[in-house]
Amino acid sequence: MVPSPQFDDSLYQELRSYVVRMMDRGERKNHTLQPTEVVHEVFLRVAKHQERLNDRNHLQAVAARAAHHVLVDHARSRKAQKRGEPDKRLTLVDAHAVRAGTPLDILVIEDALQKLGERWPRQREIALLRLWEMTVKEIGSALGLEETAVRRQWALARAFLRRELNREGDPR
């Protein structure tokens, strides 16, 4: 029997650096949520399922999903309070970003991902993992897909998300 991958120090540091980059892009400076808190919450969520993880890439994918949900949950909670500063902003700056350099509310991104998932759940999964900076190879390994299939699905998902996010910014 192959042992489950571990949420070790290297994965902790990698995930924390992803969270820091995501939160630094367009975030307000006095944010109440700290990257370490996000990573600790992710650890608690992932630890419940660790025995079912196949390899490090699978663990990384599960951790990325959990981090995304922590940030979305926090944004929803803030929005529900109906007070304080404007909603949290985030910029997707990746070589394959949907709208590179443009600040986007994480809830707007989540809404676009939900719409994508209603029609194409696999593309939503790939898009989420790409936005969390997983490589095509890592995603393929985590999801059991060939790299060419991941690239093709990501291209379609990116086009869908670009359309949705551009529609979001359109005042019509």
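The values are calculated or read from the model by the stated rules, or taken from the named source; none is laboratory data. From a predicted model like this one, the values you see are computed outputs, not experimental measurements. Reconstructed Cβ throughout: ideal geometry from the backbone, glycine too, with neighbour counts over all protein chains shown.
Descriptive notes on the structure:
- Candidates Ala61, Ala75, filtered to the one that is buried (at least 20 other Cβ atoms within 10 Å of the Cβ) and closer than 14 Å to Leu15 by Cβ: Ala61
- Pairs where the first residue, in region 134-145, is within 13 Å of Asp55 (Cβ to Cβ) and the second is surrounded by fewer than 18 Cβ atoms within 10 Å (Cβ to Cβ), C-beta under 7 Å, 6+ apart: Lys137/Glu147; Gly140/Glu146; Gly140/Glu147; Ser141/Asp55
- Enumeration of residues in region 1-54 that are over 18 Å from Val70 (Cα atoms), assigned to a helix (DSSP H, G or I) and at pLDDT 75 or above: Asp9, Ser10, Arg52
- Filter pass, Leu156 being touching a helix residue (DSSP H, G or I) at 6+ places or on another chain (Cβ under 8 Å), modelled with pLDDT of 90 or more and buried (at least 20 other Cβ atoms within 10 Å of the Cβ): no
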